[in-house]
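Chemist: Supplied in structure tokens, the structure appears directly below.
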């Protein structure tokens, strides 16, 4: 097994890969035998009409759902086989913001750091929240924040998570023009650091190294 | 281990921020157990006889009240998905949630039991046995209940379905828990009851976290 893996040249191998995946929701087949490859430094923009299976594809890539047939591979290994290794490198942001409303922004960040198994110093947590314009609001319960400010807390989480793979479902919803710019530059910065991004969005993106997948 | 402690702390913190939900379950326990002496009157011999059953049934029902909350809130706001995607073992996180549920909904019942028992004219020995059975039995209730909470996740009218699923599973705990208190009050040996409760506890501890974690993953998918 190791011999086969090591024979794949790591530098050119696409790191996140889906091979011939088929997705069925209920009775309907959303897509079949779809191949997806994302290499380091590359951003995959999944587009399509509502209900075409964008979110389903993203959930398959995270391992939250399993494809009807086919495999999702991380570094050549199926993610089901070594999910903890893959999940330690993965950040997924779904439709719902996954913040605890009764906890403060800072407590949410700390909680996720502990659950994701990363060390987060208080200085870093504060400075990240300040960077996204949440100065003075660190100690407010999240339900006192606006939808856009909650997204900013999520952006702070994206930065502190230090994951290599970002899978983002509609990350630009509820953001004002300035925050859209900030998020795009955050993604660009992530790509420069050899990160991978898969995202869905209805608006055109200004990110270099962008590849579009139309479902 | 670190993530396990974080989950327990987080759930306790969330309960502290929203006390009403937990207090409802505890208040329910106190009220229901108080209604019996009030309704039956001052027949202390009868009260002593029904006390174990009444207190244990009330404990089962008040545990059920808090169960729905175990995964539902995290499911609704998307946190549960994030927990599944954690590099830490999801089973240990689910176990953390079960422990938090017991600390909030089970442990207070153990501590309240002596006060409730006095209403039923139980003697000191019976009160001690009652507390001991609750201490051993309520963790089993939280563990088994987590399976129901996980299976009914995202189901409409899930709480009723969960009660139907879970209450039959509680029967052995009820029988040996209440039985031990009754046996001690009539001077019988109670070590058998405790052995069986302990066996139930160990069995549940060994299997339930895995079962619940799997059920939650299926519900999310």
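The values are calculated or read from the model by the stated rules, or taken from the named source; none is laboratory data. Remember, it's a predicted structure, so these values are computed and weren't measured experimentally. Glycine also receives a Cβ, built like all others from the backbone with ideal geometry; neighbour counts cover every protein chain displayed.
Chemist: Just checking, which of A:156, A:177, A:188 is closer than 25 Å to residue A:130 by Cα and at pLDDT below 90?
Modeler: Of the residues listed, the single one that is closer than 25 Å to residue A:130 by Cα and at pLDDT below 90 is A:177.
Chemist: In addition: Only residues that are crowded, with 19+ Cβ neighbours inside 10 Å and under 14 Å from the mean Cα position of the chain (by Cα): list them for region A:32-51, please.
Modeler: Those that are crowded, with 19+ Cβ neighbours inside 10 Å and under 14 Å from the mean Cα position of the chain (by Cα): A:38, A:42, A:43, A:44, A:46.
Chemist: What helices (runs of 4 or more DSSP H) lie completely within region A:52-148 and have 2 or more residues being within 11 Å of another protein chain (Cβ to nearest Cβ) and within 15 Å of the chain's Cα centre (by Cα)?
Modeler: A:54-62, A:83-87
Chemist: Report whether or not residue B:76 is touching a helix residue (DSSP H, G or I) at 6+ places or on another chain (Cβ under 9 Å) and within 29 Å of residue B:206 (Cα to Cα).
Modeler: When the stated conditions are applied, residue B:76 does not pass them.
Chemist: Does residue B:58 satisfy the condition of being out of contact with any strand residue (DSSP E or B) (no Cβ under 7 Å at 6 or more places or on another chain), more than 10 Å from chain A (Cβ to nearest Cβ), within 15 Å of residue B:106 (Cβ to Cβ) and assigned to a helix (DSSP H, G or I)?
Modeler: For residue B:58, the condition - out of contact with any strand residue (DSSP E or B) (no Cβ under 7 Å at 6 or more places or on another chain), more than 10 Å from chain A (Cβ to nearest Cβ), within 15 Å of residue B:106 (Cβ to Cβ) and assigned to a helix (DSSP H, G or I) - is met.
Chemist: Select from region B:153-174 the residues that are assigned to a helix (DSSP H, G or I) and surrounded by 15 or more Cβ atoms within 10 Å (Cβ to Cβ) and list them in ascending order.
Modeler: Within region B:153-174, B:158, B:159, B:162, B:163, B:165, B:166, B:167, B:169, B:170, B:172, B:173, B:174 meet the criteria.
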